[in-house]
1. Pairs please, first residue from the stretch 158-184 and in the same structural domain as Y250 (by TED's automatic domain parsing), second anywhere and hydroxyl-bearing (S, T, Y) and surrounded by fewer than 16 Cβ atoms within 10 Å (Cβ to Cβ), Cβ atoms under 6 Å, 6+ apart in sequence or on different chains.
2. If you scan the stretch 21-39, which residues turn out to be more than 25 Å from the chain's Cα centre (by Cα), surrounded by 14 or more Cβ atoms within 10 Å (Cβ to Cβ), in a helix (DSSP H, G or I) and not polar (S, T, N, Q)?
3. Residue check, H119 against (1) touching a residue at least 60 places away in the same chain (Cβ under 8 Å); (2) closer than 19 Å to K158 by Cα; (3) in contact with a strand residue (DSSP E or B) (Cβ under 7 Å, 6 or more places away or on another chain), all met but one. Which one?
4. For L243, indicate whether it is in contact (Cβ under 8 Å) with a residue 40 or more places away in the chain, among the aliphatic types (A, V, I, L, M) and closer than 20 Å to G147 by Cβ.
5. Which residues, counting only those in the stretch 243-273, are among the charged types (D, E, K, R) and closer than 24 Å to C107 by Cβ?
6. If you scan the stretch 1-50, which residues turn out to be in contact (Cβ under 8 Å) with a residue 40 or more places away in the chain and of a type outside the set (S, T, Y)?
7. Applying the selection to the stretch 126-162, what residues are closer than 20 Å to K290 by Cβ and β-branched (V, I, T)?
8. Consider the stretch 1-53. How many of its residues are of a type outside the set (A, V, I, L, M) and touching a strand residue (DSSP E or B) at 6+ places or on another chain (Cβ under 7 Å)?
Amino acid sequence: MHIECFEYFYKVATVKSISKVAKSAHISQSALSQQIQKLEDSLGFKLLERSNKGVRLTEMGNIALKYSDNITRTYKTMIEELENAKRKKQILRIEAVFPIANYALPCTLYETKEKFQNHNYDLVSNFSENIKQNVLNNICDMGFIYGKPSDDSFSYFKVGTDKIVLVASMDYKIQDEISTRELMEYPLITLKEETEIEEKLKKNIENLGYNFEGLNTLFDLHSIEAVKASVLKGYGISFLSYLTIKQEIYKKQIKVIDFKDFSLDCDVYLITKKDSHSNELANEFIQYFKKIGQKSFC
């Protein structure tokens, strides 16, 4: 069974269309259907129900979907590592939550690269739960996540705290300090990538006796730049990592609103897989990072 079968199955299950995946992959629908059939025959279960409206996952298909992406990513990581070993090229694979990956770590990696010229880095942003799974499955060498891991499969240490602040444009009409009750009155712009912050917000709001669905959510956007643009236009307010908007605050384009009922700040931890094979690059990075710490963030 070829690894492509899993890859095609994952894409079809996600898009819910054989024709769309076939078109994007530049293969015929019949060839793609044969790849799916090959996977079903190999596993011994029907994974997809086909109809004129597209495809839907069977019960067994839902189980296969949980593992197919990891299977293909692990395989690709293995191939990359083999190729890198052949070329004597060493790469440290790092995954981090969105604000850390995009706004904090680039400066750290630059400073560490200056110290260790042989280091090469592959940095990807992801959600904490995905990062933990990828560390355990050896898809990445280390991760920067929100919250202390409860699984004893990890070695970890606290890096610092990502301060989450409520922000608005400088000329937006809002008090300098607001409560949860007052928050419900303002249009809220949320970032899809920050699901962990949203979950924390929901829990705190409901603990205070308010309905999370009662928030006046104006947009749920996929891009931090789109959120910042909407805030700057005065469309509404938003909870964002301070790392992502500190330049706009410094330029006095965005202001911080004191939120008095609870804090959404997130502790950041660096995690690695416990008892994994010794990785010289990872060890050098971690030991040096312990020296330079959060002060090396951009």
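The values are calculated or read from the model by the stated rules, or taken from the named source; none is laboratory data. The model shown is predicted, which means the values in this text are computed figures rather than measured ones. Counting neighbours? That spans all protein chains shown, and the Cβs are built from the backbone with ideal geometry, glycine included.
1. Sorted first by the residue in the stretch 158-184, then by its partner, the list stays empty.
2. Across the stretch 21-39, the qualifying residues are A22, A25, L32, I36, K38, L39.
3. Checking H119 against (1) touching a residue at least 60 places away in the same chain (Cβ under 8 Å); (2) closer than 19 Å to K158 by Cα; (3) in contact with a strand residue (DSSP E or B) (Cβ under 7 Å, 6 or more places away or on another chain), the one that fails is (2).
4. Values: in contact (Cβ under 8 Å) with a residue 40 or more places away in the chain: yes; among the aliphatic types (A, V, I, L, M): yes; closer than 20 Å to G147 by Cβ: yes.
When the stated conditions are applied, L243 passes them.
5. Pass one, the stretch 243-273, residues among the charged types (D, E, K, R): 246, 248, 251-252, 255, 258, 260-261, 265, 267, 273.
Once the filter is applied, which keeps residues that are among the charged types (D, E, K, R) and closer than 24 Å to C107 by Cβ, the stretch 243-273 yields K246, E248, K251, K252, D265, D267.
6. M1, I3, F6, E7, F9, V12, A13, K16, listed by residue number.
7. Scanning the stretch 126-162 gives I131, V135, I145, V159, T161.
8. Step one: of the stretch 1-53, the residues of a type outside the set (A, V, I, L, M) are 2, 4-11, 14, 16-17, 19-20, 23-24, 26, 28-30, 33-35, 37-38, 40-42, 44-46, 49-53.
With touching a strand residue (DSSP E or B) at 6+ places or on another chain (Cβ under 7 Å) added as a condition, the list becomes 16-17, 49.
Residues flagged as of a type outside the set (A, V, I, L, M) and touching a strand residue (DSSP E or B) at 6+ places or on another chain (Cβ under 7 Å) within the stretch 1-53 amount to 3.
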